[in-house]
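**Q** Okay, handing you the structure first.
The values are calculated or read from the model by the stated rules, or taken from the named source; none is laboratory data. Remember, predicted model here, so these are calculated numbers, not experimental data. Note that each Cβ is placed from the backbone with ideal geometry, even for glycine, and that neighbours are counted across all protein chains shown.
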Amino acid sequence: MTQAWWKEAVVYQIYPRSFMDGNGDGIGDLAGITSRLDYLQELGIDVIWLSPVYKSPNDDNGYDISDYRDIMDEFGTMEQFDTMLEEAHRRGIKIMMDLVVNHSSDEHAWFMEARKSKDNPYRDYYIWRPGREGGGAPNNWVSCFGGSAWEYDAQTDEYYLHLFTRKQPDLNWENPRLRREVYDLMTFWLDKGIDGFRMDVINFISKVEGLPDAALQEGAEYAWGGEYFLNGPRIHDYLQEMNREVLSRYPVMTVGEMPGATVEEAKLYTGLQRNELQMVFHFEHVNVGDGKFGKWTPNPWKLTELKAILSKWQYGLREDGWNSLYWSNHDQPRAVSRFASDKEEYRFVSATMLATCLHLHQGTPYIYQGEEIGMTNVAFDSIEDYRDVETLNAYRDLAGTGKLTHEQMMDGIHQRSRDNGRTPVQWSNAPHGGFTTGTPWIAVNPNFTHINMEQSRQDPDSIYHYYRALIRLRKANPIMVYGDYDLLLENDEQIYAFTRTLDAEKWLVLCNFSDQTVLFSAPEELASYTADQLIIGNYESNGDETLGSITLRPYETRVYRLG
Ligand code: TEU
Ligand code: CA
């Protein structure tokens, strides 16, 4: 197995708007981030993935960029960015930027030019088509955030494609001039000294020629066109070109966000000899339980499903390629609420079990801000309290049309809205959780009074200190990074058990995903081993260290070195 710093690293994601407000205007900012770097150093992480900080009108909180070479007004100045970068580097922390180049903002200078006339030099930076004969959008694709993926522009009597909101027009990667612009702006940031890119929906950039209609479901107005733009025909050419032109010239970390990517495709994206990317974020495990209206009507999910998905990825990328490991991010609900229990009596054991499970898989782990103190989902009573454009559009499309009742929709929102991950980080029990001295742009989860960083740092037995221990463990034990993964008990609905093996060393990882007390009895393949040493766990020992029968308490996790 080829060794690499980015395989050994632990990444921490910052969603700047919700991380720390440095100037009291209620919006997190760069000064706020800089003020918390000591904290991140103490936690022990190696890399920060910074969600977008570029100039943006914030239709989608910075994922709609109007100037790729400048900083969003609310977040501060380029000088403050440079200070943050320097201060991070001084502490041995690298910065990975978000690269959002499937689309720009409609307020980007390129688009403002492009929409002026059909022969404008920037016209082909975007995807324009005339309407259908007899009227209407060029095809029937639905936007990821609801409604048609096309917007009519009267000035030139044509439509432009937007797979996200109408303020996020898709860029035309067929155009070599556009690709050159992207490589140049990447170089601009790399020359500043940043350490990598997380690439937003990067597997959407190559569309099938002709942009054909997708199959319409009965009664639906629009259709999901994924088969015509996910992992499209020229995607590997583009990524190899990007690698040749830019990435190969810098010692960087790269991860491509890829909804709809399968493990077979991930091998092509991350295979060492392919010179594309290092890792992808797939969505298979975070989509478990999606129902009739996707995440808004969630069904219960089974542990066997989750294990099957994660194991397929572990085995699939075992020889070549590399996994990214995550439970949550700024688009997902909070990990404890989604995958274990956020009931206060189980919150510590849930959060530490999930952390252990994730960090003991093979791959590079990503911690989402607040996860390290066990922050939970929020349940605002009123739709007025939500800010996320996806949530608000879905409410309009589903509750507004009677497809779901208000109560059903609010239940879906409470479980899965992106705003669950976007309420501000809870730093202390001061007003607004110490996030701001002003009025926060989105309300702080009211549980900040007992779930907060200050509390978690003071308590040596907290989730926070458990994360620190896990990270330290990774630094000291190459088996956590490079060891082979092997699943045990694949049909068990309560216990997630697996081994990691590196040369002569073997570790056993046990995770109880249920609120029941369950018995683990070692399967055949472990018959010749004994539990040599408990490496980490989230309960006091109960003395049953014989592999034949281990009683796991609710959400208990244990990692043993086997002898
Ligand atoms: O997300 C891509 C994406 O597919 C999400 O819309 C995701 O499917 C959804 O949130 C889950 O319901 C990326 C960014 O991470 C997201 O914040 C942006 O809104 C989106 O791209 C557009 O840039
Ligand atoms: Ca601010």
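**Q** Among the numbered criteria (1) in a loop (DSSP other than H, G, I, E, B); (2) outside the structural domain of P52 (by TED's automatic domain parsing); (3) touching a residue at least 40 places away in the same chain (Cβ under 8 Å); (4) out of contact with any Pro (no Cβ under 7 Å at 6 or more places or on another chain), which single criterion is violated by D124?
**A** (1)
**Q** Among the numbered criteria (1) away from ligand 1 (no atom under 16 Å from the Cβ); (2) in the same structural domain as F188 (by TED's automatic domain parsing); (3) part of a loop (DSSP other than H, G, I, E, B), which one does N58 miss?
**A** Checking N58 against (1) away from ligand 1 (no atom under 16 Å from the Cβ); (2) in the same structural domain as F188 (by TED's automatic domain parsing); (3) part of a loop (DSSP other than H, G, I, E, B), the one that fails is (1).
**Q** Would you mind stating whether T439 is over 23 Å from A335 (Cβ atoms), free of Cβ contacts under 8 Å to residues at least 40 places away in the same chain and of a type in the set (S, T, Y)?
**A** So T439 does not fit the description; no.
**Q** Restricting attention to the stretch 37-54, and to residues there that are in contact with a Gly (Cβ under 9 Å, 6 or more places away or on another chain) and under 14 Å from Q80 (Cβ atoms), which single residue is farthest from ligand 2 (Cβ to nearest atom)?
**A** Within the stretch 37-54, the match that is farthest from ligand 2 (Cβ to nearest atom) is Y54.
**Q** Look through D492, D486, D461 and report the one residue that is part of a strand (DSSP E or B) and out of contact with any Asp or Glu (no Cβ under 7 Å at 6 or more places or on another chain).
**A** Going through D492, D486, D461 in turn, just one is part of a strand (DSSP E or B) and out of contact with any Asp or Glu (no Cβ under 7 Å at 6 or more places or on another chain): D486.
**Q** Taking the residues in the stretch 10-36 that are in contact with a helix residue (DSSP H, G or I) (Cβ under 9 Å, 6 or more places away or on another chain) and among the aliphatic types (A, V, I, L, M) as candidates, determine which candidate is farthest from ligand 2 (Cβ to nearest atom).
**A** V10
**Q** Another one. Kindly check whether there is at least one residue in the stretch 157-173 that is touching a Phe, Trp or Tyr at 6+ places or on another chain (Cβ under 9 Å), in contact (Cβ under 8 Å) with a residue 60 or more places away in the chain and more than 26 Å from P121 (Cα to Cα).
**A** Checked the stretch 157-173: no residue is touching a Phe, Trp or Tyr at 6+ places or on another chain (Cβ under 9 Å), in contact (Cβ under 8 Å) with a residue 60 or more places away in the chain and more than 26 Å from P121 (Cα to Cα).
**Q** Residues of the stretch 529-556 being among the polar types (S, T, N, Q) and touching a Ser or Thr at 6+ places or on another chain (Cβ under 7 Å), which ones? Spell out the reasoning first.
**A** So the first thing to find is which residues in the stretch 529-556 are among the polar types (S, T, N, Q), and the list is 530, 533, 538, 541-542, 546, 549, 551.
N538, N542, S549, T551, listed by residue number.
**Q** Does V349 count as touching a residue at least 60 places away in the same chain (Cβ under 8 Å) and β-branched (V, I, T)? Walk me through it before giving the result.
**A** On the way: touching a residue at least 60 places away in the same chain (Cβ under 8 Å): yes; β-branched (V, I, T): yes.
Considered against the rule, which asks whether it is touching a residue at least 60 places away in the same chain (Cβ under 8 Å) and β-branched (V, I, T), V349 comes out as yes.
**Q** Listed residues R166, R177; which is closer than 26 Å to E276 by Cα and either surrounded by 22 or more Cβ atoms within 10 Å (Cβ to Cβ) or not hydroxyl-bearing (S, T, Y) (or both)?
**A** Values: R166 fails: closer than 26 Å to E276 by Cα.
Residue meeting the stated conditions: R177.
**Q** Looking at the stretch 428-444, which of the residues that are on the phi < 0 side of the Ramachandran plot and crowded, with 23+ Cβ neighbours inside 10 Å is nearest to ligand 1 (Cβ to nearest atom)?
**A** F435
**Q** For the condition assigned by TED's automatic domain parsing to the domain that holds T254, closer than 22 Å to Y63 by Cα and touching a Lys or Arg at 6+ places or on another chain (Cβ under 7 Å), what is the one hit in M199, M186, M96? Lay out the reasoning, then the answer.
**A** Working: M199 fails: touching a Lys or Arg at 6+ places or on another chain (Cβ under 7 Å); M186 fails: touching a Lys or Arg at 6+ places or on another chain (Cβ under 7 Å).
On inspection, the qualifying residue turns out to be M96.
**Q** Next question, about the same structure. Pairs only if they're at least six apart or on different chains, beta carbon under 9 angstrom, first in the stretch 14-33 and in a helix (DSSP H, G or I), second among the basic types (K, R) and within 16 Å of ligand 1 (Cβ to nearest atom); list them, first residue then second.
**A** That search, which allows pairs on different chains as well, returns R17/R422; S18/R422.
**Q** Would you check if S337 is in a helix (DSSP H, G or I), touching a residue at least 40 places away in the same chain (Cβ under 8 Å), within 16 Å of ligand 1 (Cβ to nearest atom) and in contact with a Ser or Thr (Cβ under 6 Å, 6 or more places away or on another chain)?
**A** Details: in a helix (DSSP H, G or I): yes; touching a residue at least 40 places away in the same chain (Cβ under 8 Å): yes; within 16 Å of ligand 1 (Cβ to nearest atom): yes; in contact with a Ser or Thr (Cβ under 6 Å, 6 or more places away or on another chain): yes.
Yes; evaluated as a whole, the condition is true for this residue.
**Q** A further question on this structure: If only one of L50, L37 is at pLDDT 95 or above, within 16 Å of ligand 1 (Cβ to nearest atom) and not acidic (D, E), which one is it?
**A** When all the criteria are applied, what remains is L50.
**Q** Another question, then. For E372, state whether it is touching a Phe, Trp or Tyr at 6+ places or on another chain (Cβ under 7 Å), among the charged types (D, E, K, R) and buried (at least 23 other Cβ atoms within 10 Å of the Cβ).
**A** Working: touching a Phe, Trp or Tyr at 6+ places or on another chain (Cβ under 7 Å): yes; among the charged types (D, E, K, R): yes; buried (at least 23 other Cβ atoms within 10 Å of the Cβ): yes.
In short, yes.
**Q** Quick one: which of L519, L473, L510 is aliphatic (A, V, I, L, M), surrounded by fewer than 16 Cβ atoms within 10 Å (Cβ to Cβ) and not assigned by TED's automatic domain parsing to the domain that holds G363?
**A** L519
**Q** May I pose another question? Do the conditions hold for Q362, that is, is it more than 22 Å from S462 (Cβ to Cβ), more than 16 Å from ligand 1 (Cβ to nearest atom) and not in a strand (DSSP E or B)? Lay out the reasoning, then the answer.
**A** Details: more than 22 Å from S462 (Cβ to Cβ): yes; more than 16 Å from ligand 1 (Cβ to nearest atom): yes; not in a strand (DSSP E or B): yes.
Against the criterion (more than 22 Å from S462 (Cβ to Cβ), more than 16 Å from ligand 1 (Cβ to nearest atom) and not in a strand (DSSP E or B)), Q362 qualifies.
**Q** Condition check: farther than 30 Å from A9 by Cα and away from ligand 2 (no atom under 16 Å from the Cβ). Does D153 satisfy that?
**A** The answer is yes for D153.
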